[in-house]
Amino acid sequence: MTKKNKITWEYNEFAQVGKDYGKAEEVAEFESRHSDFRDLKGESLRVLDTLGVGEHDILIDFGCGTGIFAILAAERCRQAHGVDVSKAMLDYARIKARKAGAGNIDFHHGGFLTFEYDGPPADFITSTLALHHLPDFWKRIALERMHRMLKPGGRLYLNDVVIVPEGAFANIEALLARLGEAGGREMRQDAEDHFRLEFSTYDWIMAGLLTRAGFTIDNSEIRDGVIATYYCTRQP
């Protein structure tokens with residue numbers, strides 16, 4: 001469910017910025033377009049293996065999109081929750097979950113700032129290429145909210161566009177070129193819109209946001225100076 005009592009000046013995480021995944025036709029193309037240059041299932045399984053998600057665990061996936069990761073998580077955990085601001089994405093994910101026979105997964109229309117979790121403390125929270133939709137001030141609020149949803153010692157997995165300052169322009173241009181080669185002009189344009197309109201941040205800022213929100217960074221990697229992965233543990 002979503003938060004009922006919002007402050008009047010809260011950032012509107014439902015406002016459309018960048019690619020409009022509120023459109024059914026865009027959602028239908030999302031997986032096929034990304035699958036052309038990414039092994040989405042393989043990536044998800046590797047994360048689940050690394051985290052050690054098991055049959056007694058509860059997992060919340062923020063920015064779940066079409067449900068690829070959340071549905072695979074549901075195959076090995078007690079309960080999975082997928083959260084997304086796009087109703088069209090969630091409708092698509094629910095259809096996929098039914099076809100997969102995943103009865104232990106719930107999908108929620110909400111986001112980092114608005115989703116209200118009322119279940120037992122989660123063992124894992126994951127988010128892939130989603131937190132950049134929030135400005136840095138609100139990233140901190142989002143991370144604090146996720147900290148409260150996790151049990152002490154629970155794990156956070158975060159993957160997003162995070163920028164190393166040294167060589168930033170060259171690294172971004174190289175990423176845009178690779179995406180253009182893999183997915184054509186439209187894919188490159190989507191990525192250009194990301195850097196033009198959205199809120200990816202520097203690596204030193206993200207590390208500070210995580211630690212100040214109460215997480216220990218157990219392992220981190222920034223690939224090609226622009227794509228970061230963090231495995232973190234919630235401190236009491």
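Hey, does the stretch 169-180 have a residue that's modelled with pLDDT of 95 or more, polar (S, T, N, Q) and either over 14 Å from I222 (Cα atoms) or under 15 Å from the mean Cα position of the chain (by Cα) (or both)?
no
Would you check which residues across the stretch 91-122 are in a helix (DSSP H, G or I) and surrounded by fewer than 23 Cβ atoms within 10 Å (Cβ to Cβ) and list them?
As a first pass, look at the stretch 91-122 and keep what is in a helix (DSSP H, G or I): 91-100.
Within the stretch 91-122, D91, Y92, R94, I95, K96, A97, R98, K99, A100 qualify.
Looking only at the stretch 78-93, which residues are polar (S, T, N, Q) and closer than 20 Å to K3 by Cα?
S86
Can you list the helices (runs of 4 or more DSSP H) found entirely within the stretch 1-77 that contain at least 2 residues being in contact with a Ser or Thr (Cβ under 7 Å, 6 or more places away or on another chain), at pLDDT below 95 and closer than 16 Å to F107 by Cβ? I'd like the intermediate steps shown before the answer.
Working: elements: 24-35, 40-51, 68-74.
Result: 24-35.
Could we say that A142 is among the hydrophobic types (A, V, I, L, M, F, W, C) and closer than 23 Å to D39 by Cβ here?
Details: among the hydrophobic types (A, V, I, L, M, F, W, C): yes; closer than 23 Å to D39 by Cβ: no.
Here the answer is no, as A142 does not meet what is asked.
The values are calculated or read from the model by the stated rules, or taken from the named source; none is laboratory data. Computed from a prediction, not measured in an experiment: that's the story for all the values here. Note that each Cβ is placed from the backbone with ideal geometry, even for glycine, and that neighbours are counted across all protein chains shown.
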